[in-house]
Amino acid sequence: MVLENRLEIKLSQKLILTPQLLQSIKLLQLPHLELSQILNQEIMENPFLEEVIEENIEESIEETKREDEINQDLSDDINVPLEKLFGFTVDDYFEEKASDGRDLGYFTDGMEDVPVFERNTNRCPDLYEYLLWQLRFSRVTEQVYHTAEVIIGNLNEDGYIQASIEEIAKVADVDIDTAKRALSLIQGFDPPGVGAKNLQECLLLQLKLLNLDNTLVEKILTDGFTELNGKKYKQLAIKFKVGIEDILSAVKIIEGLEPRPGRNYSREDAIYIVPDVFIEESEGEFVIILNEEGIPKLRLSNYYRKLLSNKNTISTEERKFLKEKLDKAIWLFKSIEQRNKTIYRVTDSILKFQEDFFRKGMKYLKPLALRDVAMDLGMHESTVSRATSNKYMQCSQGLFNFKSFFSNRIPKNGDVSSTSVKEIIKEVIINENHHSPLNDKQLVEILKVKNINVAIRTVAKYREELKIPLHSRRKKWF
């Protein structure tokens, strides 16, 4: 084998992702809220971008006239002083901020005059703060107090302790007895059941506060918890030698207890979904509306455009910088426009395939794949995937993720999707007799009547995906 150097010419096709193309791809897959954040960031970084805030047409016209006057002055003399541009000096600006309590740009969002007490009491305490507040009023030794703090720090959001008593004692550097006294102290706090290591202990702690010690309820929780969890009430009646009515009465009391003591003190904020697209029906026809609420409306700055066009006022480096920013701004406009067009076309295609769903409901959702929409629009499948990623649609049927309109076809069942079958199973179970719930075999027979042939294991799989328990766990005794 001889090694040698030689020149070759090869012709090949490659897709090179330029920064502009990467930006277009990124904007396409962004949901509504993230797009708003990205555009606001671009406004801060790019001097050519301005947000249009139009309260009415007259004010917008007057604003344009004022800008033209300023730009005309700037075209003559780029070194125009700030007093002429803004009507006040820089010293006046800082003087005004210092006089009204704003320390050189640090604002408090209208909270300057609100007393500290009102600001602190404007929110509910979390479980950690609530338990510490009760601990401060407890008369205990310093060791028990410190150990109780360690225990409170090891509680999860539901109020259950996550460490063993030995681990607590080791961390607090105390003996086991001191750790047990501290745990007993915490378990006597509000909310009832806090500080338990499992559900069984949590319910038993609540019984003590209800003075239900040495009752049938306590016996069921202590010695019949496995049967209770499986709703085997007849076995409990035989085990404790009582009537089934007594067992059902005790179970009713247990069902009234709180399995998650700490959830009322959760600090989790509700996350609201903002739809990217609205579909409204007007005179029998569907109308697609892209949600532009909260999205800043952009325009190019006339000031910087005139500044760039004036060759005598800026240096070569400044011109290069402004030219790059202008190109980025123009490409951003194109990318946003392309994003809106793509989302609109994908929505229109989904609407065409799933028209029965939009008119009749979830049971009429047809099988649909990404490639079906891609072929319909002449796009690549990955583009459709990005256009539907993390986006939501608001219609008369409710708020849906775009991905929920794509479902698999059930073999040998024609145009029936797995999503529609799940919806039928869910509806049947909701309307079943709760004292005699349907098992999976009976659900299969009901689907056969609707000309849907599926196996029992398929029904069991769909039921588990819907987080619906077995018929024995759904049975209600009272």
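The values are calculated or read from the model by the stated rules, or taken from the named source; none is laboratory data. It should be emphasised that the depicted structure is a prediction, and the values quoted were computed from it without experimental measurement. Don't worry about glycine lacking a Cβ; one is built from the backbone with ideal geometry, like all the others, and counts go over all protein chains shown.
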Exercise. Report yes if some residue within the range 420-440 is assigned to a helix (DSSP H, G or I) and over 30 Å from the mean Cα position of the chain (by Cα); otherwise report no.
Key: yes
Quiz item: Taking strands (runs of 3 or more DSSP E) that fall entirely within the range 258-309, which contain at least 1 residues that are more than 22 Å from the chain's Cα centre (by Cα) and of a type in the set (S, T, N, Q)?
Solution: 277-282
Quiz item: When the range 452-469 is examined, which residues are found to be surrounded by 15 or more Cβ atoms within 10 Å (Cβ to Cβ) and either small (G, A, S) or under 24 Å from E227 (Cβ atoms) (or both)?
Solution: A460, R463, I468
Quiz item: With N439, N401 as the choices, which residue is surrounded by 12 or more Cβ atoms within 10 Å (Cβ to Cβ), outside the structural domain of K467 (by TED's automatic domain parsing) and not hydroxyl-bearing (S, T, Y)?
Solution: N401
Practice problem: Determine the pairs where a residue that is acidic (D, E), located within the range 367-395, has a partner that is modelled with pLDDT of 90 or more with Cβ atoms under 6 Å apart, the partner being 6 or more residues away or on another chain. | Solution: D376/S349; E381/L370; E381/R371; E381/A374
Exercise. Kindly indicate whether any position in the range 179-194 is under 32 Å from the mean Cα position of the chain (by Cα), in the same structural domain as K241 (by TED's automatic domain parsing) and among the aliphatic types (A, V, I, L, M).
Key: yes
Quiz item: Just for the range 300-312: of the residues that are surrounded by fewer than 17 Cβ atoms within 10 Å (Cβ to Cβ) and touching a helix residue (DSSP H, G or I) at 6+ places or on another chain (Cβ under 9 Å), which one is nearest to E50 (Cα to Cα)?
Solution: L300
